[in-house]
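The values are calculated or read from the model by the stated rules, or taken from the named source; none is laboratory data. Because the structure is a prediction, the values reported are computed rather than measured. Here the Cβ positions follow ideal geometry from the backbone for every residue, glycine too, while neighbour counts run over all protein chains shown.
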Amino acid sequence: MLIITSFSNQAEKTFSLTVNVEKLRNSEGIVQFVLYNKEGSIPDENFKKCYKIVKANIVNGSSTITFHGIPSGKYAVNILHDENNNGIIDKGFILPKEGIGFSNFQTIGMTNKPTFSKASFNLNSAMNIKINIIYM
């Protein structure tokens with residue numbers, strides 16, 4: 001008796017996510033695009049809980065990147081206009097000195113703090129999103 005077993009080696013379907021930010025206050029530094037995929041990962045001031053980070057140049061007050069090969073799921077995006085290119089969120093007394101933004105957020109404040117659940121969206125096809133930059 002001969003038993004033949006066939007295993008399907010079907011690769012998990014992946015998608016691209018293009019993120020755009022406009023109206024940066026200057027062309028100094030870079031824009032850091034940070035992708036998150038877990039509940040509780042935001043806030044993440046030191047970018048230790050993220051899924052991926054990509055840095056991009058600024059052209060005419062805008063910056064765009066594409067994350068490739070992203071499995072379907074729930075994601076959130078954070079951006080930082082890192083004007084001095086040091087990889088951290090520079091702050092004044094409490095508030096950031098540099099521009100920040102999150103998916104699904106038009107404003108950020110004491111009563112509107114970003115969390116993964118508020119900033120997240122479902123990715124199940126190629127997607128383009130625009131994030132508003134917020135300077136405090």
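Go through the range 29-48 and count every residue that is touching a strand residue (DSSP E or B) at 6+ places or on another chain (Cβ under 7 Å), at pLDDT 95 or above, in a loop (DSSP other than H, G, I, E, B) and not polar (S, T, N, Q).
Total meeting the criteria: 1.
Specify the residue that is surrounded by the most Cβ atoms within 10 Å (Cβ to Cβ); the eligible residues are those in the range 71-91 that are among the charged types (D, E, K, R), touching a residue at least 40 places away in the same chain (Cβ under 8 Å) and not in a loop (DSSP other than H, G, I, E, B).
Among residues in the range 71-91 that are among the charged types (D, E, K, R), touching a residue at least 40 places away in the same chain (Cβ under 8 Å) and not in a loop (DSSP other than H, G, I, E, B), the one surrounded by the most Cβ atoms within 10 Å (Cβ to Cβ) is 82.
For the range 92-124, how many residues meet the condition of being at pLDDT 90 or above, farther than 12 Å from residue 43 by Cα, part of a loop (DSSP other than H, G, I, E, B) and not polar (S, T, N, Q)?
Going through the range 92-124 one residue at a time, the tally reaches 4.
Please specify each residue of the range 92-123 satisfying the condition of being touching a Ser or Thr at 6+ places or on another chain (Cβ under 9 Å) and exposed (fewer than 12 other Cβ atoms within 10 Å of the Cβ).
122, the sole residue that qualifies.
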